[in-house]
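Reviewing the structure listed below.
The values are calculated or read from the model by the stated rules, or taken from the named source; none is laboratory data. Values in this document were obtained by computation on a predicted structure and should not be read as measured data. Glycine also receives a Cβ, built like all others from the backbone with ideal geometry; neighbour counts cover every protein chain displayed.
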Amino acid sequence: MSEPLRIVSIGAHPADTFDQSAGTMAHHAARGDIVTAVCLTHGARVHDKVISDEMAHRAEIPEAAELAGLIVERSDVKADEVRRACEILGVRDVRFLGVDDSILLVERDIIRQVARLLRELRPDILLTHYPYEGSAVGNPHAAAGQIVMHALGAAGGVDPGDRHPPVRVGQVFFFGQGAASVRNGLWDARGGYTNDVFVDITDVMDRKFAAMECLVSQGYNGAYNRKRTENGDGAFGGGAVAYGEGFIRMNAEVHYHLPLTQYARARSAASDHEIMAGYSWRMPLPQDELAGRPPSLRD
């Protein structure tokens, strides 16, 4: 396209946009697209080393005022981690909506806040959580996806006090679910969805890994980072590439001609061993010697 795309990735918690779409955001930022990462909640109560971890073993929780101050402090820590992670990915626009994550509900005020943000940012592509993730009840990721869906509808109209005109988003991609089609619980069994778009992030896995290493307060660094990388991105990419991020496309696409991706065309000309070399490469740990540039069907 002649003009840069506007990409907005909205996560329920500070780590979500990186866990699910860091490599994709890095690709678009490197291409010159306008990328914005949005944290819906401050995330201080979710997987936080101090709030949710250390206090689990206390005999008594601090008084309300002290706890509230600690939540603010931990929210600031998380925000700093997100900024550092975005800098690694080349993402310069980061937004914090600061919603309390104790109980995330699909509420009018939050929807209106997100709708106003969409009118301001005017994304061509929106990335967010699948609205029926897990049970879709009591699941903050699902609630975030539903909030965004309501906000998309609201953003298509006007809102008194908001001077930005209505906006419609070209395409929505939901974060892919689990490691491909793995079902982890009763509610996952209802399924019905498939991850139908995959982005090869092999060439930027080192940057995604480094960005995730910034998320210390949520425990997304270290061993978890490595495990998530190999099991999640490795599973998504296993069909053709070493590492990939999966998405669920909301709208069917319309083309003037029949579409053929660069990967499909390259793969049709590749041998079995060339294809296997592409998805067998494993990103070295930071302390390992460099393993060289990962093979790719683009070569």
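Apart from one condition, Lys78 fits all of (1) surrounded by fewer than 21 Cβ atoms within 10 Å (Cβ to Cβ); (2) closer than 24 Å to Leu127 by Cβ; the exception is (1). Looking only at residues of segment 120-144 that are in a helix (DSSP H, G or I) and under 14 Å from Val38 (Cα atoms), we find that the one that is modelled with the lowest pLDDT is His141.
To keep it simple, each residue is scored yes or no on (1) of a type in the set (Asp, Glu); (2) exposed (fewer than 14 other Cβ atoms within 10 Å of the Cβ).
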{"site": "Ser2", "(1), (2)": "no, yes"}
{"site": "Ser21", "(1), (2)": "no, no"}
{"site": "Val35", "(1), (2)": "no, no"}
{"site": "Val46", "(1), (2)": "no, no"}
{"site": "Glu63", "(1), (2)": "yes, yes"}
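Residues in segment 214-236 that are more than 29 Å from Thr194 (Cβ to Cβ), touching a residue at least 24 places away in the same chain (Cβ under 8 Å) and in a helix (DSSP H, G or I): Val216, Ser217.
Exactly one residue out of Ser2, Ser52 is more than 25 Å from Val148 (Cα to Cα), part of a loop (DSSP other than H, G, I, E, B) and among the hydroxyl-bearing types (Ser, Thr, Tyr): that is Ser2. Cβ-Cβ distances below 8 Å connect the following pairs, each with a first residue in segment 143-158 that is touching a residue at least 12 places away in the same chain (Cβ under 8 Å), a second residue that is of a type in the set (Lys, Arg) and not in a helix (DSSP H, G or I), and a separation of six or more residues or different chains: Ala155/Arg168; Gly156/Arg168.
Tell me whether segment 241-249 contains one or more residues that are at pLDDT 80 or above, crowded, with 20+ Cβ neighbours inside 10 Å, part of a helix (DSSP H, G or I) and out of contact with any Lys or Arg (no Cβ under 6 Å at 6 or more places or on another chain). The answer is no; no qualifying residue exists.
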